[in-house]
1. If you average the sequence gap of Cα pairs under 8 Å that are 6 or more apart and divide by the length of the chain, what percent do you get for the contact order?
2. Which net charge results for the neighbourhood of ILE64, defined as the other residues with beta-carbon distances under 14 angstrom from its beta-carbon, given Lys and Arg at +1 and Asp and Glu at -1?
3. Can you give the relative contact order of region 217-304 as a percent, counting alpha carbon pairs under 8 Å and 6+ residues apart?
4. Using the heavy atoms of the protein chains alone and a 1.4 angstrom probe, what is the accessible area of the chain per residue in square angstrom?
5. Seen from all sides and averaged, what is the projected area of the convex hull of the Cα atoms in the chain, in nm²?
6. Give me the net charge of TYR26's neighbourhood, meaning all other residues with Cβ under 14 Å from the Cβ of TYR26; Lys, Arg count +1, Asp, Glu -1.
7. Below 8 Å, C-alpha to C-alpha, sequence gap of six or more: please give me the relative contact order for region 37-84 in percent.
8. Where does the charge balance sit around PHE111 when Lys and Arg score +1, Asp and Glu -1, over other residues with C-beta under 12 Å from its C-beta?
Amino acid sequence: MNYQAILNQIQKDIKPYLGQGKVADYIPALAGIDPIKFGMSIHTVDGIHAHIGDAQENFSIQSISKILTLTMAIAANDAGIWKRVGREPSGSKFNSLIQLELEQGIPRNPFINAGAHVITDIICSHIREPKEAILEFVRMISMNDQIDFDYAVAQSERETGNRNLAMGYFMKSFGNIHNKVREVLDVYFHQCSLSMSCSDLSKAFLYLANEGVIPSSEKAIIPKKASDRINALMLTCGMYDSVGDFAYRVGLPSKSGVGGGIVSIVPGEMSIAVWSPGLSESGNSLAGTKALELFVNYTGKTIF
Ligand code: GLU
C-alpha cells in the first residue's frame, strides 16, 4: 500500500475542515495556536513512514501524555493500580468532579484527568525524579533527545489549574493521592506540556502496535498483555465523551489531547498521529478525527 499517496489524498480532502472547531483556550498558553495547522504521520512496525502537512511541527501533546504515564506506572509493577483507578468510560467531561464524590474518590479510568492524577501519583511514589524520568522515557521511545517540556505551557496550566488541583485535593481526602497534591500536579502539568510533533508521536507509540516492543531496537517496554490492555483502554476511554462515535467512525484504539493531537494504533501494523488544533464539541480535533476516518476508509485498517 502506498501510504504517502493516501496521506497526500487526505491532505487534499481535509481542506474544507481546517479552521473548523474551536482551539482550546482554557489554558491561556494554548489559545494563540493557528487553527489552520494540520499534520499527519504514520510509522509502521516494518519501518515504513509517511508524513503530510505540519507533521514535523511541535505542539502541546496534553492528554496524549496519559498513555506515557500509564505505561510507566504499569512498567513499575504497581500492584495497586486497578484498586485506585477504574477501567470504564466515564460518560462525563474529562475534568468533571461529580463522579468522584459518588464513587469515593476512585476515578473511572486512567485517561480522565482525575485518573491521570492517580497514575502520576503512582509514578511519584516509585520514581525519585518523575519529571526527568518522563522526559527520559519519551525521548527513548521516540528516539529524539530534543523532546522537552514547554515550560510556558506548564506554567500557564499551573496558574489556571484550579479544577485539577480541586480534583487532586478531593481525591486526597479519600486517601487516593499518596504524595503532596501540588507535587503530583506539578508533574502532571509538565507531562501535559510535552512539546512533540506528529512524527515524534507516531514513532513513540509504535510499541503499542508491536506487542509492547519497540520494533527497530527490539527493546521490550511492557509485556504484550499490558500493551493489549492499554489499547483496550484507549478504545473504550481515550476519546473523551465521544468514544462511541469515534469507535463507530474510525474503529482504532486512540487517545486525543486538547492541543488537537490524536494518536491511533493499528495493532500489529502501525501507529498514526494527527494534529489540527480546532476541537469539536466533544474536545477532539475535528479535522484530525475526519483525517483518521478518511485513512480508515481508504486503507480498510480498522480493528473491526
Ligand atoms: N492539561 C489538560 C488539563 O488538565 C489536559 C486536558 C486534555 O488534553 O484532555 O486540563
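1. That works out to 27 percent.
2. Net of charged neighbours comes to +1.
3. 23 percent
4. 41 Å²
5. Result: a mean projected hull area of 13.5 nm².
6. Local charge sum for TYR26: +1.
7. 25 percent
8. My count for the surroundings of PHE111 gives +2.
The values are calculated or read from the model by the stated rules, or taken from the named source; none is laboratory data. Please read these numbers as outputs of a predicted model, since none were measured by experiment. Neighbour counts run over all protein chains shown; Cβ positions are idealised from the backbone, glycine included. Please note that ligands, DNA and RNA were not included when accessible areas were found on the heavy atoms of the full protein model with its side chains. Shrake-Rupley method; radii C 1.70, N 1.55, O 1.52, S 1.80 Å.
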